[in-house]
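Written out below as structure tokens is the structure these notes cover.
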Number of protein chains: 4
Amino acid sequence: MSGSLYGTIFKITTWGESHGKALGVVVDGCPAGLPLSEADIQPYLDRRKPGQSRISTPRKEDDTVEILSGVFDGRSTGTPISLIVRNTSQRSTDYSEIASYYRPGHADYTFDAKYGFRDYRGGGRSSGRETIGRVAAGAIAAKLLNLLGIRVTAYTRSIGPVEADLSVFDREAILSTPTAMPDYDASARAESYLKDTMAELDSAGGVMECLVEGMPAGIGDPVFEKLDANLSKAVMSIGAVKAVEIGDGILVSHAKGSDNNDAFCMNGAAVSKKTNHAGGILGGMSDGTPILVRAHVKPTPSIFRPQETVDKNNREISVQIKGRHDPVIVPRAVVVMESMVAITIADALLLNMSARTEHIVDFYKK
Amino acid sequence: MSGSLYGTIFKITTWGESHGKALGVVVDGCPAGLPLSEADIQPYLDRRKPGQSRISTPRKEDDTVEILSGVFDGRSTGTPISLIVRNTSQRSTDYSEIASYYRPGHADYTFDAKYGFRDYRGGGRSSGRETIGRVAAGAIAAKLLNLLGIRVTAYTRSIGPVEADLSVFDREAILSTPTAMPDYDASARAESYLKDTMAELDSAGGVMECLVEGMPAGIGDPVFEKLDANLSKAVMSIGAVKAVEIGDGILVSHAKGSDNNDAFCMNGAAVSKKTNHAGGILGGMSDGTPILVRAHVKPTPSIFRPQETVDKNNREISVQIKGRHDPVIVPRAVVVMESMVAITIADALLLNMSARTEHIVDFYKK
Amino acid sequence: MSGSLYGTIFKITTWGESHGKALGVVVDGCPAGLPLSEADIQPYLDRRKPGQSRISTPRKEDDTVEILSGVFDGRSTGTPISLIVRNTSQRSTDYSEIASYYRPGHADYTFDAKYGFRDYRGGGRSSGRETIGRVAAGAIAAKLLNLLGIRVTAYTRSIGPVEADLSVFDREAILSTPTAMPDYDASARAESYLKDTMAELDSAGGVMECLVEGMPAGIGDPVFEKLDANLSKAVMSIGAVKAVEIGDGILVSHAKGSDNNDAFCMNGAAVSKKTNHAGGILGGMSDGTPILVRAHVKPTPSIFRPQETVDKNNREISVQIKGRHDPVIVPRAVVVMESMVAITIADALLLNMSARTEHIVDFYKK
Amino acid sequence: MSGSLYGTIFKITTWGESHGKALGVVVDGCPAGLPLSEADIQPYLDRRKPGQSRISTPRKEDDTVEILSGVFDGRSTGTPISLIVRNTSQRSTDYSEIASYYRPGHADYTFDAKYGFRDYRGGGRSSGRETIGRVAAGAIAAKLLNLLGIRVTAYTRSIGPVEADLSVFDREAILSTPTAMPDYDASARAESYLKDTMAELDSAGGVMECLVEGMPAGIGDPVFEKLDANLSKAVMSIGAVKAVEIGDGILVSHAKGSDNNDAFCMNGAAVSKKTNHAGGILGGMSDGTPILVRAHVKPTPSIFRPQETVDKNNREISVQIKGRHDPVIVPRAVVVMESMVAITIADALLLNMSARTEHIVDFYKK
């Protein structure tokens, strides 16, 4: 089925392989009248770009987005918005050898098992570049959320043992540091840690979080379309993510009810809570307090040490991967997480508009 | 949108509130020819039943399932299978008071925010009884998986600080102990812990896991319909779950690539792996090794201590919940997790059949 | 996949076979706050009931609907509404013989080809009784549409050569006559025609139409989710329908543009049209004028004359069908058409609420 | 919601406006291993091209397709296939005036009603050029069907009063004549008729049919996903179509059961029918005999006579459309119908693979 479609009303279909001609996304269901141009989208894609730091490998990727449809006179028309990013850096020679074996920790084997063969160049559809479509669409969703006063902010919480100090929470640091951490000091320590890791021909994992502020209450649908269920699917679908938490997450399994319950209280005329262990979601619907999602990202599978594996003829062999690989995935995944969360929230907001008969009646009173 | 539909080919729609006339599910897309009767489904529902232990409250719930359609001559016909469980124990008097305020940790507030009002009796649609439909459908999915040699086993891994010894892994214990732990000793210690917790008028959280054995490789679709993405949505949609892990889960964020990568090797003529940090899923598709999913369940929100909250007129009040409530959710959620995993795997297996042109050509060569 | 699910937001899943225990539908996505009771639904089901005329065979079918969930304090809660109709008249003996052969014009053969076997009793899932779920759901959709001032009216336009005089258009006649024609005289002539047809051991076809008044403009989505495309799917899905027309329908293929174009004009402050060849839909979206859909229904396949066919062992045989069969399908299908149109319109109205950014912004300004 | 997505497994999302930068489609769900190149797709797009006849207006449109993703080593990879056709002929000056009023018979008014504004250039998303994406995707579906021995052939049956002689049925004529009729003589007469029509500053309608040969039986799902229901949605979604028929279509409403029933018989070892009034579909599933779908296409709305209409300020005005417009739509719509039918059939074939438990078990016996 390919599975490159996401969403019910605000739907996105991404396409493209790392070494194909281009990558992109079609957004089908963006409401009409949203001010939109490439300038809204390019900054999000730039947050994916490596080569501006000592910890990501110098691969030149321009990744310039172009809007091909769905926008007229500077606004979305309500018809599908097609975005394209052309691949400018395509050196297959780096990858020709890996066609013959299965890299540990990568999707080479599972792609072969499913389809019988694969585009082996640079990871093909399982490459990190597949996220270009997600991020471009995420920029559009974020634009819509901004109009509603909803702010989505993702950041790196930790890399290996190095943790950001969240009481600092410097938003500028998220965009400026090569680690996407909201803490310049922690970022410097993380870069140092990663230098050591690279020297060991190894890679490191990390944790990223996403905060959603300004949510109205009641967004999400009970049972299977719960907001946290969809957020976890959206985030788990990002390559290398192996765990998703909402609010206190794993801590709840060792907590007592008296501690874990968030007491309701009034904040002016609005219902609020004294604590937020729930991470802003109760019974699968937003409760009006900030939503917090967390993802655990595994270390980059491509390391330069020798590894045991199997080749396409089912012979056990030893391989040593070449090429250009980052020692950590998290910093590049942060904007992907932010995009997936924005897209999921946007879709849920649109779906929620038809929840009450009274709202529908009001809407159609011309 | 209500969100009570799940699946693409093997689709289930659940319905029913805790204090309504009945609950049930319609399974639309079960393949024809599957041997099926109430006897296949009832044992799964019985695993939800409380009152057989000291740690769950004695609520009499018969929960007898009846098949109303979709089965003929002992086999599924390929048409929708409608299952019903009639509510026999409905004492609204326990719940009349809570109509006036929002219980902390429950979906009362978010339901009101979304719909403007709610069926306040016993949690209505957000009650644990909503899972009856899921479990009944899960029994059908499990029956299909069994024919394919795939075995799905969920169990309680820990309650509060008490951990099961997984090297023991007694399958009988899962079905016999009131904690659903695969370890009789740990179960006894957990029950003792919960007795103390109840005495404190408090509740406890826990961790449950689900193992899937016998999977073929290549199941799941890249990008958004990744098997782990769908499993996390399925499991996160279960009430009280706040975190989902695949394989090593949260551990990956602190691991090195050299440790986290699973080396491929041959096991006879089949490709296998020396380790399984990935939890059986690579690039969003099964790799043929056992799949491991983990969920963290929060403590029961309904505790008998006084709590601060807000009533429907937005006044801050103090409440003390009455009624019958378990001190822990996990043991009852285990069969729900097993069901959601079975349903998700079944749907993915059906979708995978059309992945390759050669398979489609073979299929239609009459 | 079974295909018993219909809709995107206002979703219905029907279930049940003609000789199973019961039939029903789950409506998932009905907005909360809609006043609803069995009294709203039963009249629609009663319009399916035969035995009140000389042209339908005297089969006793009570078809009493019961609401099992999704309604509280007389209003929909926004959670799934499960409706059930128990089968009271089940005489399998009438149908035991047909298990061995394929009745011409029925789905016996195609069910066998798809599933390998079938519930042969009375048509199983392909029986006209399958429409019970559709009609019950249609009653709910119609209730919602009424609140919006939208009126859906279906009727029989012709039976065999007998045509109703639409300039008469007696709404009472639609509900009172056994033919569901809006013209008492034509109904009497049609009944006479059908008596003759029955005497010949034959059956007749007919045409039904459905009018939708009070539509706002702009409902439907361009390209694949055009309102007329969805209406044609909805109506063609009704058993025995072999053609669907919108507005002038087949006449357009022989018309000139100068005649077929509907000139726009003003009707007070509203945009209207001088004619309505388009049937109320332009470019796939409603234009604010009445929508007209037409369906051609084939004659009842079950006739009492000897017929040539094939049995399950692939032998050519001659058969003579027994049992109780109406000589015409259209009168019973009229309320099904009305229901499918109402459901489709309701879903499109809900989807349309998120078409414009300005509406979304207004909605979330609390 | 935009509605540019079609399909369940074999899914297509089209995008692009007539005067935007480009148009295209993303096919998500094409099975892997299908031999594919631009050479498979271009011929289908060329069948849309005007300017090669006296009856279509000389608009230069190159419409060269390019595959951007999803194909490697000459075969589909199973990942999304992105196709693009760049607009080379974009003269907005022809259309600037129509921004101020609603053209009769066009979607100008309904687009405005839905979105509040529209891309007025050349019809924007409602332009006939929107079908480029459908046709490109249809070529891929047809390639898959060919491997299964299934042949889809669409043609013009009539233009105005001129009917093709189907007993002739010259397949070459379909591709060679400017009318897409399977009859050179009728084509010449139709061209003459259209010359007269153009001289009258008018336009004509027509009828197109699509034949599907080589279908296995049992394709389609009962109730809502009936094959004929989906075919009618697919074909009705083509602009200017106002009626869809299956097999005998409208004739069934005036037929007797004894005439309309198709008697089953044996054709060698295969079940067949003596007649095919049903058009190859029974109970919503294919019966193994040729499928016949018919569509009635309205005359081109853009005629050069003066017309009454309304402008954006709701003033009644008279307009005279300029620019380049064909006097008939049908010849250009034929390949669109063929594509939509191919796509629908392909999706149904993939869905059918999971209908029987025995097939699923066989599939997973490695």
**Prompt:** Which numbered condition trips up residue D:262, out of (1) more than 11 Å from the chain's Cα centre (by Cα); (2) in a helix (DSSP H, G or I)?
**Reply:** (2)
**Asked** Do the conditions hold for residue D:258, that is, is it more than 7 Å from chain C (Cβ to nearest Cβ), of a type in the set (Ser, Thr, Tyr) and surrounded by fewer than 24 Cβ atoms within 10 Å (Cβ to Cβ)?
**Response** no
**Fill in**
Reported set for the range C:153-179 where residues are of a type in the set (Val, Ile, Thr), open to solvent by 10 Å² or more (accessible area, probe 1.4 Å) and within 19 Å of the chain's Cα centre (by Cα) is C:153, C:174, C:177
**Prompt:** Would a scan of the range D:109-120 turn up a residue that is of a type in the set (S, T, N, Q), at pLDDT 95 or above and at negative phi?
**Reply:** no
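Matching residues to (1) at pLDDT below 95; (2) touching a Phe, Trp or Tyr at 6+ places or on another chain (Cβ under 9 Å):
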site	(1), (2)
C:288	no, yes
C:299	no, no
C:310	yes, yes
C:314	yes, no
C:324	yes, no
C:342	no, no
C:347	no, yes
C:366	yes, no
**Fill in**
Those residues of the range B:268-317 which are more than 7 Å from chain A (Cβ to nearest Cβ), assigned to a strand (DSSP E or B) and hydrophobic (A, V, I, L, M, F, W, C) amount to B:270, B:281, B:291, B:292, B:293, B:295, B:317
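The rows are residues; the columns are (1) among the polar types (S, T, N, Q); (2) surrounded by 24 or more Cβ atoms within 10 Å (Cβ to Cβ); (3) at the interface with another protein chain (Cβ under 7 Å from one of its Cβ atoms); (4) farther than 26 Å from residue B:6 by Cβ.
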{"position": "A:2", "(1), (2), (3), (4)": "yes, yes, yes, no"}
{"position": "A:6", "(1), (2), (3), (4)": "no, yes, yes, no"}
{"position": "A:16", "(1), (2), (3), (4)": "no, yes, yes, yes"}
{"position": "A:20", "(1), (2), (3), (4)": "no, yes, yes, yes"}
{"position": "A:24", "(1), (2), (3), (4)": "no, yes, yes, yes"}
{"position": "A:37", "(1), (2), (3), (4)": "yes, no, no, yes"}
{"position": "A:41", "(1), (2), (3), (4)": "no, yes, no, yes"}
**Asked** Do we have any residue at all in the range C:51-61 that's more than 25 Å from residue D:281 (Cα to Cα), surrounded by fewer than 24 Cβ atoms within 10 Å (Cβ to Cβ) and at pLDDT 95 or above?
**Response** no
**Asked** For the range C:216-245, how many residues are open to solvent by 10 Å² or more (accessible area, probe 1.4 Å), hydrophobic (A, V, I, L, M, F, W, C) and under 15 Å from residue D:114 (Cβ atoms)?
**Response** 1
**Fill in**
Subset of the range A:241-250, residues closer than 11 Å to residue A:296 by Cα and touching a helix residue (DSSP H, G or I) at 6+ places or on another chain (Cβ under 7 Å), comes to A:241, A:242, A:243, A:244
**Asked** Within the range A:192-199, can one find any residue that is surrounded by fewer than 24 Cβ atoms within 10 Å (Cβ to Cβ), within 14 Å of chain B (Cβ to nearest Cβ), more than 25 Å from residue A:23 (Cβ to Cβ) and without any contact (Cβ under 8 Å) to a residue 24 or more places away in the chain?
**Response** yes
**Prompt:** Of all residues in the range C:331-366, which are within 7 Å of chain A (Cβ to nearest Cβ) and among the β-branched types (Val, Ile, Thr)?
**Reply:** C:357, C:360, C:361
**Prompt:** Across the range A:315-341, what is the number of residues that are out of contact with any Cys (no Cβ under 9 Å at 6 or more places or on another chain) and buried (at least 24 other Cβ atoms within 10 Å of the Cβ)?
**Reply:** 9
**Item:** Scope the range B:113-157; condition touching a residue at least 60 places away in the same chain (Cβ under 8 Å), within 10 Å of chain A (Cβ to nearest Cβ) and charged (D, E, K, R); matching residues
**Value:** B:125, B:130, B:134, B:157
**Request:** Tell me, yes or no, whether the range D:93-103 has at least one residue that is modelled with pLDDT of 90 or more, under 30 Å from residue D:306 (Cα atoms), not hydroxyl-bearing (Ser, Thr, Tyr) and not in a helix (DSSP H, G or I).
**Result:** yes
**Message:** If I go through the range B:246-288 residue by residue, how many of them are without any contact (Cβ under 8 Å) to a residue 60 or more places away in the chain, of a type outside the set (A, V, I, L, M) and on the phi < 0 side of the Ramachandran plot?
**Reply:** 19
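Restricting to the range B:206-248, count the residues that are small (Gly, Ala, Ser) and closer than 23 Å to residue B:127 by Cα.
Number of matching residues: 7.
Could you tell me whether residue D:202 is among the charged types (D, E, K, R), at the interface with chain C (Cβ under 7 Å from one of its Cβ atoms) and over 19 Å from the mean Cα position of the chain (by Cα)?
Numbers: among the charged types (D, E, K, R): yes; at the interface with chain C (Cβ under 7 Å from one of its Cβ atoms): yes; over 19 Å from the mean Cα position of the chain (by Cα): yes.
Yes; evaluated as a whole, the condition is true for this residue.
The values are calculated or read from the model by the stated rules, or taken from the named source; none is laboratory data. Note that this is a predicted model, so its numbers are computed, not measured. We place every Cβ from the backbone using ideal geometry, glycine too, and count neighbours over all the protein chains shown. What goes into the accessible areas is simple: the full protein's heavy atoms, side chains included, and nothing from ligands, DNA or RNA. Shrake-Rupley method; radii C 1.70, N 1.55, O 1.52, S 1.80 Å.
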